[in-house]
2 protein chains.
Amino acid sequence: MVIIQDIREAHERIKPYIHRTPILTSTALNEISSSSLFFKCENLQKAGAFKARGATNAILSLSDEDAAKGVVTTSSGNHGAALAKAAQIRGIPVTVIMPHDSSKVKFEAIKEYGADIITCEPQHDSREASLEKHVAETGATVIHPYNDERIITGQGTAGLELMEDHPDLDAVIAPVSGGGLLSGTALAVKGINQETKVYGAEPDGADDAYRSFQAGKIIPNATVNTIADGLRAQIGTITFPIILENVEGIVTLTETEIVDAMRLIWERMKIIVEPSSSIALAAVLKEKSTFEGKQTGIILSGGNVDLGKLPFEI
Amino acid sequence: MVIIQDIREAHERIKPYIHRTPILTSTALNEISSSSLFFKCENLQKAGAFKARGATNAILSLSDEDAAKGVVTTSSGNHGAALAKAAQIRGIPVTVIMPHDSSKVKFEAIKEYGADIITCEPQHDSREASLEKHVAETGATVIHPYNDERIITGQGTAGLELMEDHPDLDAVIAPVSGGGLLSGTALAVKGINQETKVYGAEPDGADDAYRSFQAGKIIPNATVNTIADGLRAQIGTITFPIILENVEGIVTLTETEIVDAMRLIWERMKIIVEPSSSIALAAVLKEKSTFEGKQTGIILSGGNVDLGKLPFEI
């Protein structure tokens, strides 16, 4: 059971190795949304995503004995890159199991951080089989991208920093995929201010968190189809109960809404965000009646896009 | 004669209306450059460029009588947008005279900030003729983009903020075009730490500041040819003597070096900079022997690029 004190301890643990990312504001986007927005820029985090927080916390929490055997994960990319980088801090072996159709940028980043890569088919079963085989051979510790309390507390440190600087926010929105970021954010936010509402933002094409939230139990996606490649995971068995208890609602967004918000952020804020990040702004723009006139924190989760494959019509 | 006290006063004057922009660091770019870089992110400034600083200072320095008649400027874009926005603060008329071939993004920004636009031919003479005609008709005050002490002191406030946070920098690099940013930066930097060296970065295709600096007198460009559209102006009669006295050197860069540095910043720092900004990083990468092992501040001047016209080979 994660509590705010765990998130504070994780923050002390990882602080020397992560950026305290800036919180930016934009007059233009405040005008467009008729609200007051505070963007926590995890796209400017080390390795380009909030994932550095959870991964670093997990690695630094390992016993020396476990650490020596190395770590392994499956990942669509950002978590893998972050874990590889965090493993370097401690000088331990790290293996990343990645679908062969992951983006070139992500492959290169992970190689550059010194990880071994094992490629697999994009399907869940193939990933799990490769993972089990590697663990049996090496004794490595599996660091799941989100369904792990060490990861949840680590990801919660972004919300902690946001609330330290702006404790009176009316609401905070984070993207939701497996739920590591959203559950950690919710625990951090509610731990500091019970009055602050927390929302998730999720693509229509991978809306298991939304449907599970409505039903009160996990209902997996049958298919997944979204440009937001960081949001294709299934909600987790550890993250979901935290979300159910601490989150006010989940907003679902179309592909067009996601890409339009991405372009707005690029043009107005001059920062690079991936579609999985811009979805949180898209939620504010869609649910005007909820956020109008309010002070809302937005977790911009990452900025790892392939500049050769931009989704803008140009 | 501008002194550090003028820059401090300008800073107090404009502080409520500008962002104190973040100073970002990047482990990846430190490794690539074998140095320690501190990026002052004026691309994240209001209206997307440092120009907001000088323009706001100039507008707020006007007498009520002059302010009522409005202001006018010629500009390739960023200064025009910044002046329009600053005029809105004071609620006074503003006219921008722009070459008809300026980018769509820049036209739209200026219109959105409520300025009247008069288009002219790209040549210097056409701009000046349009300007004189407008002043004769309206009595508006001309706010030159750089050759004006109010502008120089305003632009110097970015360097002031950088040095307030990092007073022991070995060097600071700023792009140079008309010289407003470089002269203001040099005065701010030297006013706080005489030991800190200041450099300008300029495109090979518009290298009048470099040639003038070598010769000790202004030698204008015969032709101008560079992707860095914010760096096409001629060095000014007021800015040049300040640069000659306070700047250690000017580094010139090829178009390829400018675009390569731009891509590095986009990919590694996840922020959007225009070619006129990335040139300062290009200078660090080119002059390795000067900057290696040093702590160097880099003024990233702006981020106003047309997302439909990116210079990357994709």
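The values are calculated or read from the model by the stated rules, or taken from the named source; none is laboratory data. Source: prediction; values computed, not measured. We place every Cβ from the backbone using ideal geometry, glycine too, and count neighbours over all the protein chains shown. Side chains are part of the model used for accessible areas, which takes the heavy atoms of the whole protein and leaves out ligands, DNA and RNA. Shrake-Rupley method; radii C 1.70, N 1.55, O 1.52, S 1.80 Å.
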(message) Excluding ligands, DNA and RNA, what is the accessible area buried between chains B and A, summed over both sides, using a 1.4 Å probe, to the nearest 100 Å²?
(response) 2000 Å²
(message) For chain B, I need the span (max minus min coordinate) of the C-alpha atoms along each principal axis, in Å, sorted largest to smallest.
(response) 56, 44, 38
(request) Compute the longest continuous run of chain A that contains no exposed trypsin sites (Lys or Arg not before Pro); treat a site as exposed when its DSSP state is not H, G, I, E or B and it has at most 14 other Cβ atoms within 10 Å. (result) A:21-216
(request) Using a 1.4 Å probe over the heavy atoms of the protein chains, calculate the carbon and sulfur portion of the accessible area of chain A as a whole percent. (result) 47 percent
(message) Cut-off 10 angstrom, C-alpha nodes, Gaussian network model of chain B. Which of B:Met269, B:Met98, B:Met163 fluctuates the most?
(response) B:Met269
(message) Quick query: amide H of B:Leu253 versus all other amide H atoms, modeled in the peptide plane; which residues come in under 5 Å with a sequence gap of 5 or more or a different chain?
(response) B:Glu202, B:Asp204
(request) Quick one: dipole size for chain A, taken about the Cα centre, charges +1 on Lys/Arg Cβ and -1 on Asp/Glu Cβ, in debye to the nearest 20. (result) 500 debye
(request) Could you give the size of the charge dipole of the stretch A:159-201 about its Cα centre, using +1 on the Cβ of each K and R and -1 on the Cβ of each D and E, expressed in debye and rounded to the nearest 20? (result) 260 debye
(request) Compute the acute angle (0 to 90°) between the alpha-carbon long axis of helix B:124-138 and the principal axis of greatest extent of the alpha-carbon atoms of chain B; round to the nearest 10°. (result) 40 degrees
(request) Specify whether the C-alpha gyration tensor of the stretch A:215-298 places it in the rounded, prolate or oblate class, a ≥ b ≥ c being the square roots of the eigenvalues: rounded for a/c under 1.5, otherwise prolate if a/b is larger than b/c and oblate if not. (result) oblate
(request) State, to one decimal in nm, how far the label point of A:Asp116 lies from the label point of B:Glu245, with both points 7 Å from Cα in the Cβ direction. (result) 6.5 nm
(request) For every other residue with a beta carbon closer than 9 angstrom to the beta carbon of A:Gly205, add +1 if it is Lys or Arg and -1 if Asp or Glu, then tell me the sum. (result) -2
(request) Would you please give the residues with an amide H less than 5 Å from that of B:Val71, counting only those at least 5 places away or on a separate chain, with H modeled from the backbone geometry? (result) B:Val94, B:Thr95, B:Thr141
(message) Report, in listed order, any pair from A:Lys15/A:Lys270; A:Lys106/A:Lys309; B:Lys51/B:Lys106; A:Lys309/B:Lys270; A:Lys85/B:Lys288; A:Lys111/A:Lys270 with a Cα-Cα distance greater than 18 Å.
(response) A:Lys15/A:Lys270; A:Lys85/B:Lys288; A:Lys111/A:Lys270
(request) Show the residues, 5+ positions off or on another chain, whose built amide H is closer than 5 Å to the amide H of B:Ile118. (result) B:Val96, B:Ile97, B:Met98
(request) Give the residue from B:Leu264, B:Leu187, B:Ala201 lying farthest towards the positive end of the charge dipole for the stretch B:184-284; charges sit on Cβ (+1 for Lys and Arg, -1 for Asp and Glu) and the dipole is referred to the Cα centre. (result) B:Leu187
(request) Whole number in Å², please: accessible area per residue of the protein assembly as shown, 1.4 Å probe, ligands, DNA and RNA not counted. (result) 38 Å²
(request) Determine the shape class of the stretch B:52-142: with a ≥ b ≥ c the square roots of the Cα gyration tensor eigenvalues, call it rounded for a/c under 1.5, and otherwise prolate if a/b is greater than b/c, oblate otherwise. (result) oblate
(message) To the nearest 20 Debye, how big is the dipole of the stretch B:52-142 about its Cα centre, given +1 on the beta carbon of each Lys and Arg and -1 on that of each Asp and Glu?
(response) 360 debye
